[in-house]
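Asker: Below you'll find the structure I mean.
Bear in mind that the values in this text are calculations on the coordinates, not laboratory data. None of the values given here were measured: they were computed from a predicted structure. Please note: Cβ atoms are built from the backbone with ideal geometry, for glycine as well, and neighbour counts cover all protein chains shown.
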Amino acid sequence: MSGGWKETVARRPLLAALGALAGIGVVGGAVYEASGFLGGGAPPGPYDDLLAGLGDRAAAAMVGRAVLAGIPSFQAHKAAEDLRQTIRQKPLAEVLLQEAVQGRIIETQGWVLPQTLGQLCALAAKAS
């Protein structure tokens, strides 16, 4: 019976390969992070603190345009102020779940959304 994989794999080449993989990961992470500092990202806006939890802002803005079509009197600064009070330091997912359970939802063009999510999407549309 053979001794297993330990006898067929040399230690130095394995450690060199693992070190190279770790180095590639570090360099890749540094390049990704630097792209945000070097102008690769969108310029900061007044609602970035609120929109950070949305993920795909382009998709949120698309939904937000549909929400705005149903709310002609939407005031972004007032909505942002209300959202900051609603969300405070709670995780966004918790706020959205709570609103869904309480039935605080809006409907727009086939989408059924918690109110906070609808307002966040509307802000994303205004910001884009």
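Asker: Quote the relative contact order of segment 48-127 in percent (integer), defining contacts as alpha-carbon pairs under 8 Å separated by 6+ residues.
Answerer: Working: 86 pairs, mean separation 39.5, N = 80.
Relative contact order here is 49 percent.
Asker: What spacing in nm lies between the two simple spin-label points modelled at SER73 and GLN89, each 7 Å away from Cα in the Cβ direction?
Answerer: The modelled label-to-label distance comes out at 3.5 nm.
Asker: I want to check the label-to-label distance for ILE105 and ALA52. Put each point 7 Å from Cα in the C-beta direction and report it in nm to one decimal.
Answerer: So the two model labels end up 3.0 nm from each other.
Asker: Continuing with the same structure: For segment 101-108, just list the computed ³J(HN,Hα) in residue order, Karplus coefficients 6.51, -1.76 and 1.60, θ = phi - 60°, integers in Hz, with x standing in for Gly and Pro.
Answerer: Karplus-based 3J(HN,Hα) across segment 101-108 equals 5, 7, x, 8, 10, 10, 10, 8 Hz.
Asker: Taking 7 Å along the Cα-to-C-beta vector as the label spot, tell me the ALA59-ASP82 distance in nanometres, rounded to one decimal.
Answerer: So the label points at ALA59 and ASP82 sit 2.5 nm apart.
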